[in-house]
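Written out below as structure tokens is the structure these notes cover.
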Amino acid sequence: MGTPVVDVHTHVVPKGWPDLGAACGGSGWPWLRIDSERAAMIMVGETEFRPVGAECWDAGTRLTDMAADGVDLQVVSPTPVFFAYDRPADQAVKVARIFNDLTLEVTSAAPDRLVPFCQVPLQDPDAACAELDRCLAAGHVGVEIGNHVGDRDLDDAGIVTFLTHCAEVGAPVFVHPWDMPDGPRLDRWMARWLTGMPAETHLSVLAMILGGVFDRVPDSLRICFAHGGGSFPFWLGRADNAWHRRGDLVRGASTAPPGSYLDRFYVDSVVFAPAALRLLVDTMGDERVLVGSDYPYPLGERPVGAVVHRADFLTGEQRQRLLGGNALRFLGRSQAAFHLAASGVPADRC
């Protein structure tokens, strides 16, 4: 049997949830306006945030789309609008519990195909560690986090504490940009998504490196950045040059130039064009790029993995790594274990 195709970047929106103001406290929470059996709108107050369809909550629809795209395994992560990092920690704990439990309901329909990742109240490291532990015990496999909490980036001491805990318990971490800057120059053409998201991810990769996080957390930390690592791979040469030429300002807490840390993290393949994927593979190496699609949102890739299949510069072995081998390593799973699980063998025998 060949290497399974794994999509590490997809999102879930449950079809309805309790009134979050009543359940968690506070006001202004997202809610779901149901427009039909297969269509709804995420609302924030009275503002329409994002239209969503049955593929967000219906496992059957997901599995049909996975079959059409040749995907064997799909990581199912939260939609960042529900992170609640800007709220009191006790409210963020409650909303995380609600959405984490609802995610398990969605993925329970196909536990051998749908891999749940949880969310945590990242503004409180102790509460975040506790919720991660609860979720791992309940069936989640990893965690998705936003790339910052207010002005605290991923080199913040509390966030480093959480990342260290992830390494210790073996939970893979998927980093997704959220809460991008806005303003007149960014509030047109979806510029927040087209420029803000890549810049946010670039900044947070630099924070992990120049903030000394990779020098402090265990090597066992498995962490992946969405959207091809943002603009970081394209500007790695600039970062290395600055580290050497303006080390007085740039080096921070790092002990080596940025290019020395590429074996410490993964990036997904949501870059759409083969030329961009070639830069990504040339920069990161063919063992650090994983297929991701951003399913089911409109700015995602369909069919899943299309850019990998179209990339004629990849060897057959490299293509297999990108399509699934690297992702299995990120998830901490062996290829044999996947095939046994897909065949119905109990997990304790995998």
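What follows is calculated from the coordinates using simple rules that are stated; it is not laboratory data. All values reported here derive from a predicted model rather than from experimental measurement. Cβ: placed from backbone, ideal geometry, glycine included. Neighbour counts: every protein chain shown.
Translational diffusion coefficient of the range 155-201 at 4 °C, 1.567 mPa s, Stokes-Einstein with Kirkwood Rh over Cα pairs, in µm²/s as a whole number.
102
If R0 is 41 Å, what FRET efficiency do you get for residue 334 and residue 238 from their C-beta distance, rounded to 0.05? All intermediate terms of the calculation are to be shown ahead of the outcome.
On the way: r = 38 Å, r/R0 = 0.93.
Using R0 = 41 Å, I get an efficiency of 0.60.
In whole Hz, what ³J(HN,Hα) sequence does the range 20-33 give by Karplus (6.51, -1.76, 1.60; θ = phi - 60°), x for Gly and Pro?
Calculated HN-Hα couplings, in order: 6, x, 6, 7, 10, x, x, 9, x, 6, x, 9, 10, 8 Hz.
Rounded, prolate or oblate for the range 105-175? Axes are the square roots of the Cα gyration tensor eigenvalues, ordered a ≥ b ≥ c, and the cut-off for rounded is a/c under 1.5. Write out the running numbers ahead of the final one.
Working: a/c = 2.34, a/b = 1.97, b/c = 1.19.
Prolate shape, in that a/c is at least 1.5 and a/b is the bigger ratio.
What is the sum of charges, Lys and Arg at +1 and Asp and Glu at -1, for the other residues whose Cβ falls under 12 Å from the Cβ of residue 291?
On the way: positive: 319, 321; negative: 7, 69, 72, 268, 294, 301.
Computed value for this residue: -4.
Let me check I have the definition right: for the chain, take the eigenvalues of the Cα gyration tensor, multiply each by 5, take square roots. What are those semi-axes in whole Å, largest first?
Ellipsoid semi-axes (Å, largest first): 28, 26, 21.
Based on DSSP H runs of at least 4 residues, each adding -39500 (n - 2.57), what is the mean residue ellipticity at 222 nm of the chain after dividing by all its residues, to the nearest 500 deg cm²/dmol? It would help to have the intermediate numbers written out before the result.
Numbers: 14 runs with 129 residues, N = 350.
Here the helix-only value at 222 nm equals -10500 deg cm²/dmol.
Please list, ordered by chain and number, the residues whose modelled amide H lies under 5 Å from the amide H of residue 113; skip anything fewer than 5 residues away on the same chain.
Result for residue 113 returns nothing.
Hey, what does the equivalent ellipsoid look like for the range 63-134, semi-axes from the Cα gyration tensor as sqrt of 5 times each eigenvalue, largest first, whole Å?
The three semi-axes for the range 63-134 are 28, 11, 9 Å.
Label points 7 Å out from Cα along the Cβ direction at residue 43 and residue 180: separation in nm?
It is 2.6 nm.
Explain nothing, just the number: relative contact order of the range 172-320, from Cα pairs under 8 Å at least 6 residues apart, as a whole percent.
Computed over the range 172-320, the figure is 21 percent.
Students often check this: by mean Cβ neighbours within 10 Å, which of 17-28, 77-88 ranks highest, and how do the rest follow?
Numbers: 17-28: 13.7, 77-88: 20.2.
The peptides rank, most packed first, as 77-88, 17-28.
Build a GNM of the chain with springs between Cα atoms under 10 Å: which of 174, 117, 49 gets the top mean-square fluctuation?
49
Between the range 234-266 and the range 38-62, what's the alpha-carbon centroid distance in Å?
Answer, in whole Å: 40.
When a footprinting reagent is the concern and you count Cβ atoms within 10 Å, what order do 90, 153 take, fewest first? Intermediate values should be presented prior to the final figure.
Working: 90 13, 153 18.
Ranking 90, 153 by Cβ neighbours within 10 Å, fewest first, gives 90, 153.
Computed on alpha carbon atoms, what radius of gyration and Dmax characterise the range 1-78, expressed in Å?
Gyration radius and largest Cα-Cα distance of the range 1-78: 15.4, 52 Å.
Please report, largest first and rounded to whole Å, the three semi-axes of the ellipsoid equivalent to the range 43-190, where each semi-axis is the square root of five times an eigenvalue of the C-alpha gyration tensor.
25, 22, 14
Measuring from label point to label point, each 7 Å out along Cα→Cβ, what is the residue 195 to residue 249 span in nm?
2.2
Hey, can you grab everything whose amide H is under 5 Å from the amide H of residue 9? Only 5+ residues off in sequence or another chain; H modelled, so Pro and N-termini drop out.
Amide H to amide H, under 5 Å and 5 or more residues apart or across chains, residue 9 pairs with 75, 293, 294.
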